[in-house]
Amino acid sequence: MAEKIQKFFLPTLAVVVFLMIWQYAASHYTPDLFPGPRDVFLAILELIKVGRLWKDITISLTRFSIAYSLAVTCAIPLGLFLGRCRPCHRAIDPVVQLLRPISPIAWFPLAVLWFGIGNTPAIFIIFMAAFFPMLLATISAVRSIPAINYKVANNFGAKPALVFLGIIIPAAFPGIMTGLHIALGTAWIHLVAGEMLGADSGLGYLIIDARNFLRTDQIMAGMLLVGILGLLLNKLITAGEQFINKKWGINAQQ
Amino acid sequence: MVNGRTPKIRLLNAGKSFHTSSEAAHVALAAGNLDIYEGEFVCLVGPSGCGKSTVINLMAGFEQPTEGSVMIDGKPVLKPDPDRIMIFQDYGLFPWKTALDNILFGLKCRGISKAEAKKRALAALSGVGLSAWAQRHPHELSGGMKQRVALARALAVEPSVLFMDEPFAALDAFTRLHLQDELLELRKKRKITIIFVTHDLDEAVYLGERIVLMAPNPGRFENNITIDLPYPRDRTDKHFDRYRKELFEAFDLVHKEAGRIRKEAEGIQEEGSGI
Ligand SMILES: Nc1ncnc2c1ncn2[C@@H]1O[C@H](COP(=O)(O)OP(=O)(O)OP(=O)(O)O)[C@@H](O)[C@H]1O
Ligand SMILES: [Mg+2]
């Protein structure tokens, strides 16, 4: 019972309180300046009616999936390699540390110069946002594999391929999963930025377009949708992470 | 040489120093000789830091001696070998694999066919009384069960030597006694050579045919005590008590000596800091 209250009732209550505060704050301004929840809800309905909402969501999710999977498929193998090869990691680390603090948004002028307006600059920026956290998480996952695992494999005479596929990959998997989680978050945040700056479709563009027409209700509708989709993606990956941790016997902190 | 046999494992003037970054080399094991015979059950005991793990790691091939050599079956030990399996205090099981898969891993490394491996893994599990737990992951097993799985994994590849570095030290007293008996029981079937590190003197007298007592600063072999008692041994037996007393007295000497050396070293340091 107490568990149920904690899991469903309290979060629902928090959402209701949030909506009330929003409504209260909005009531001090005209809807053009600060729309309330009702205005935003109506704006979402309108977006659905004109057939724009699904199109923008699909485009955003497609761009996101492409960029995120591209970043992951580049970062994981590189991270596995650098995690195992200490001299290589030592050599490359300064470059990584130099590039990492540069905000993906700072790449935008170059991205537009190189790729023009459209899908590619947005994908590029999401890629940059996901790549570094994924890379660093993979490296640290490999490096924190307990030495005893290698000792045992070595003792039984495991071949290098078996050590890689049978020890390194599964032992690093929970850490890689954490990386996927973190990268998903940063990538999603930069999706909007990427689309605001260099695209003519998608949720980010929806927000910019609404600003151009001074449709504050649509701006907030776009923001809310970005938040909701981010939340759903996060739920999805958390479920995956918990499944892995359970299987690996890691006590996940809820 | 005992009974004219040649030793299975020989440490020939073998020593190990670690070169820590700060100062001079640290001698973990002063050059020394030790012979272990085929099928022998040898317990290594000694105060903490006297080099027990160093010795067993040298014999298992995880470390190389900085002087002298370690020979097994007449050949120098250059790297670990599946014919000689190490059992660790913290089990060394792969947490993402079930008990059965952990055992299968060792057999897979040996290139044994799937069907044959499965048969042997299940037999090994039943040998340690864990048939019902084949599909459980290590985190679902108690410490004693985990060590049984590790033991089954080792025995499944039929090694001729088992190295055990304080294998039961993390277990509660009851489980420890159980596992001691199980280990002796398993050894009846196949007489493998066992080198067993422990800091529990009772355990050493209960298990070992011979006890090698080590002393610290620098780590070295101090004393050999042969326990000439048949298995299974009776802890309340008067002969058992006699060996126990002998070992405790020998250990006490080593222990006091270690304490004296440590005090001296501290005394020197105090004087040094006083100036
Ligand atoms: N990798 C290493 N680098 C530096 N010094 C080491 C290393 N391994 C062991 N030593 C040192 O060598 C000495 C012997 O260590 P060892 O682990 O063999 O002792 P031990 O008898 O197994 O002790 P314990 O009963 O605490 O397990 C210790 O002084 C230890 O600090
Ligand atoms: Mg030790």
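Rule-based calculations on the coordinates, nothing more; no lab input. Computed from a predicted structure; not experimentally measured. As a convention, Cβ positions derive from the backbone with ideal geometry for all residues, glycine included, and neighbour counts pool all protein chains shown.
Among the candidates B:Phe221, B:Phe240, single out the residue that is part of a strand (DSSP E or B), touching a residue at least 24 places away in the same chain (Cβ under 8 Å) and either under 17 Å from B:Val55 (Cα atoms) or among the aromatic types (Phe, Trp, Tyr) (or both).
Working: B:Phe240 fails: part of a strand (DSSP E or B).
From the options B:Phe221, B:Phe240, the qualifying one is B:Phe221.
Can you name the residue in segment B:188-204 that is in contact with a strand residue (DSSP E or B) (Cβ under 7 Å, 6 or more places away or on another chain) and not in a strand (DSSP E or B) and, of all such residues, is farthest from ligand 1 (Cβ to nearest atom)? Looking at the filtered set, the residue picked out is B:Ile192.
Total residues in segment B:93-127 satisfying the condition of being crowded, with 21+ Cβ neighbours inside 10 Å, at the interface with another protein chain (Cβ under 7 Å from one of its Cβ atoms) and touching a helix residue (DSSP H, G or I) at 6+ places or on another chain (Cβ under 6 Å): the figure is 3.
Being exposed (fewer than 15 other Cβ atoms within 10 Å of the Cβ) and farther than 22 Å from B:Leu184 by Cα is a property that B:Glu67 has.
State which residue is farthest from B:Leu11 (Cα to Cα) when the search covers only segment B:78-108 and only residues that are assigned to a loop (DSSP other than H, G, I, E, B) and among the charged types (D, E, K, R).
Of all residues in segment B:78-108, those assigned to a loop (DSSP other than H, G, I, E, B) come to B:78-80, B:82-83, B:88-98.
Of the ones still in play, those that are also among the charged types (D, E, K, R) are B:79, B:83, B:90, B:97.
Details: B:Lys79: 15, B:Asp83: 18, B:Asp90: 26, B:Lys97: 36 Å.
Ranking the qualifying residues of segment B:78-108, first place goes to B:Lys97.
Among the helices (runs of 4 or more DSSP H) confined wholly to segment A:154-254, which include 1 or more residues that are in contact with a His (Cβ under 6 Å, 6 or more places away or on another chain)? Give the steps one after another, and end with the answer.
Values: elements: A:169-198, A:203-212, A:216-248.
In segment A:154-254, the matching helices (runs of 4 or more DSSP H) lie at A:216-248.
For beta carbons closer than 8 Å, sequence separation of 6+ or different chains, a first residue in segment A:49-74 that is exposed (fewer than 13 other Cβ atoms within 10 Å of the Cβ) and a second that is among the β-branched types (Val, Ile, Thr), the qualifying pairs are A:Trp54/A:Ile48.
Tallying residues that are assigned to a helix (DSSP H, G or I) and aliphatic (A, V, I, L, M) within segment B:121-141 yields 6.
Filtering segment B:65-89 to residues that are within 14 Å of chain A (Cβ to nearest Cβ) and within 12 Å of ligand 1 (Cβ to nearest atom) leaves B:Phe88, B:Gln89.
Total residues in segment B:13-54 satisfying the condition of being farther than 27 Å from B:Asp252 by Cα and either more than 13 Å from ligand 1 (Cβ to nearest atom) or within 14 Å of the chain's Cα centre (by Cα) (or both): the figure is 3. Against the conditions (1) more than 9 Å from ligand 1 (Cβ to nearest atom); (2) within 14 Å of another protein chain (Cβ to nearest Cβ); (3) not hydrophobic (A, V, I, L, M, F, W, C), B:Asn57 satisfies every one except (1).
Summed over segment B:19-77, residues that are under 21 Å from B:Lys8 (Cα atoms), small (Gly, Ala, Ser) and not in a loop (DSSP other than H, G, I, E, B) total 6. When residues in segment B:27-52 are screened for being within 13 Å of ligand 2 (Cβ to nearest atom) and crowded, with 20+ Cβ neighbours inside 10 Å, 8 of them pass. Just checking, does segment B:155-163 include any residue being within 14 Å of chain A (Cβ to nearest Cβ), among the aromatic types (Phe, Trp, Tyr) and assigned to a strand (DSSP E or B)? Looking through segment B:155-163, at least one residue is within 14 Å of chain A (Cβ to nearest Cβ), among the aromatic types (Phe, Trp, Tyr) and assigned to a strand (DSSP E or B). Scanning segment A:147-175 for residues that are closer than 21 Å to B:Met86 by Cβ, without any contact (Cβ under 8 Å) to a residue 24 or more places away in the chain and more than 8 Å from chain B (Cβ to nearest Cβ) yields a total of 4.
How many of the residues making up segment A:5-25 are of a type in the set (S, T, N, Q) and within 27 Å of the chain's Cα centre (by Cα)?
Going through segment A:5-25, the residues of a type in the set (S, T, N, Q) turn out to be A:6, A:12, A:23.
Adding the requirement that they be within 27 Å of the chain's Cα centre (by Cα) leaves A:6, A:12.
Total satisfying the criteria: 2.
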